[in-house]
Amino acid sequence: MKLQFLGACQTVTGSKTLVSYQNKRILIDAGMFQGQKELRLQNWQPFPIDPASIDAILLTHAHIDHSGFLPALMKQGFHGPVYCTSGTKALCDVLLPDAGFLQEEDARYANKKGFSKHSPALPLFTEKEARRSLSLFEPLGSETQLSLNRDWRAEFFPSGHILGASSIRLETPETSVCFSGDLGRYDDLMMYPPISPPHSDYVVMESTYGDEQHLKVNADEILAKIITDTVQRGGIVLIPSFAVGRAQLLLHIITKLKESHRIPQVPIFLNSPMAIKATEIYSHFHRQHKLSKEDCERIDRNTTYVKTMEESIELNNRTYPSVIVSASGMASGGRVLHHLKTMAKNYRNSIVFSGFQAPGTRGDAMVNGATQIKMHGQYIPVKAEVHQLTSLSAHADQAGLLNWLSKIQPSPKKVFINHGEPLASDILKTQIEERFSIPVECVQSGQKVVL
Ligand SMILES: [Zn+2]
């Protein structure tokens, strides 16, 4: 078996690993590079192999940095099946067309401003192309195993990260290798803990938080205090949130606080078409996470879903206390920008960022104390209270990553580390070598290995 690492090497986006065995080629994940410009430009590099020669793609989960390059591969000739869990397929149905829409928006904006080197600027793929790529999906249903050919098998294990997320173990008569995908936390409030696969000769694992221990803080208590204090001074609590997973968890926490009267009885709004669809999907797949059907129904009862643009604009004119959850999570786009524009300048309001803020984003500037932020060409003063909840991460920390690996027994012959910034990967490598005496390599982009 041969591996070639084609993305998420020394970085956390663009996950793609090519696996070749006998005369078959499969790709584990088809992630888009996201974030800084030099990363995004990698999406435009010629693909190192002919996409038409890939027999199948297996997805660990639906996040765009693991699935979002799929429509581009289809455009370049890939026409094989895409295998994943049914939860991943349901989320891709929403996420991929949205990614296409955003690509088209970016191209339109670049053309309007004339800052693209290419004339006209083109989207990597369109919404329509993304929808077409959904026809390639063959979700597994209740199965967890898949025969890729007579000798080659794949098996999916829940990885606890978001709905449908899995680690994928490949096995041939000669060897076995497990791809961790993104691993969730053992103490996650919404997802069940990750399940380690049985012995695998080789492991390819993520290292997003390979250098960190998550702090143990109680999100319920922090949110209860922020909401109560803000409502008492007549303000609105605005929570920029990631649409998939995070928004649902926040609504679950806020609903519980409201029902147990730990916060005042104020209206709760969810203003993000994507988050509304994701909430429906989480509710449909309630057996696959810790929120019961009743929990999902409680969220529905306590939340007003803001669907149209008119309703969204109307929300800005409200003056009485409320809680608004809206995307995007780092205030880099989406409807939350319109709310920030009107709400950031009022000292009565609170803005609560609900997770990691990438450098360079408005969210990052605000949690670091920026007194003004630029939006739609205007500088908006920030007078509202700004908070950051860091305890809701959907990623395992260093202890979680080591725990997951320790349960793969007998220990693998070698571990390859990807999906992390260089420092996080290096620290995780040292920890694994010292604790488990397993040889470890942090992989480089384009690197090939023979197993
Ligand atoms: Zn992910």
Listed highest first by mean packing, meaning other Cβ atoms within 10 Å per residue, what order do 293-299, 268-274 come in?
268-274, 293-299
Might you report the magnitude of the Cβ-based charge dipole of region 219-388 about its Cα centre, with Lys and Arg at +1 and Asp and Glu at -1, to the nearest 20 debye?
200
Karplus couplings for region 219-225 from phi (6.51 cos²θ - 1.76 cosθ + 1.60, θ = phi - 60°), rounded to Hz, Gly and Pro as x?
4, 4, 5, 5, 5, 4, 5
Between region 68-129 and region 333-373, how many Å separate their Cα centres?
27
Using a 10 Å cut-off on Cβ atoms, rank the peptides 430-440, 325-335, 93-103, 367-377 from the highest mean neighbour count down.
325-335, 93-103, 430-440, 367-377
Long-range amide H partners of Ser167, meaning residues 5 or more apart or on another chain whose placed amide H is closer than 5 Å, are Phe157, Ser159
Entries of Lys16/Lys307; Lys216/Lys341; Lys16/Lys429; Lys37/Lys128 with Cα pairs more than 30 Å apart:
Lys16/Lys307; Lys216/Lys341
Name the long-range amide H neighbours of Phe269: under 5 Å, sequence gap of 5 or more, or other chain; modelled H, no Pro or chain starts.
Thr304, Val323, Ile324, Val325
Under a 1.4 Å probe, counting only protein heavy atoms, His214 has an accessible area in Å², nearest 10, of 30
Sequence-distant residues sharing a close amide H with Glu138 (under 5 Å, placed H)
Val82, Tyr83, Cys84
The ³J(HN,Hα) series, computed from each phi in region 56-68 with the Karplus coefficients 6.51, -1.76 and 1.60 at θ = phi - 60°, rounded to the nearest Hz and given as x for glycine or proline, is 7, 10, 10, 9, 6, 6, 8, 3, 4, 6, 10, 10, x
quick note, the chain, DSSP beta bridge pairs, % antiparallel (nearest 5) is 45
In region 219-388, what percent of the accessible surface is made up of carbon and sulfur (1.4 Å probe, ligands and nucleic acids excluded)?
51
Calculate for the chain the 222 nm mean residue ellipticity that helices alone would give, adding -39,500 (n - 2.57) per DSSP H run of length 4 or more and normalising by residue count, nearest 500 deg cm²/dmol.
-9500 deg cm²/dmol
Karplus (6.51, -1.76, 1.60) ³J(HN,Hα), θ = phi - 60°, over region 11-26, in Hz, Gly and Pro reported as x
7, 10, 10, x, 3, 7, 10, 8, 10, 10, 8, 6, 10, 10, 10, 10
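The values are calculated or read from the model by the stated rules, or taken from the named source; none is laboratory data. Please read all numbers here as calculations on a predicted model, not as lab measurements. Virtual Cβ from ideal backbone geometry, glycine too; neighbours counted across all protein chains shown. These area figures cover heavy atoms from the full protein model, side chains too; ligands, DNA and RNA do not enter into them. Shrake-Rupley method; radii C 1.70, N 1.55, O 1.52, S 1.80 Å.
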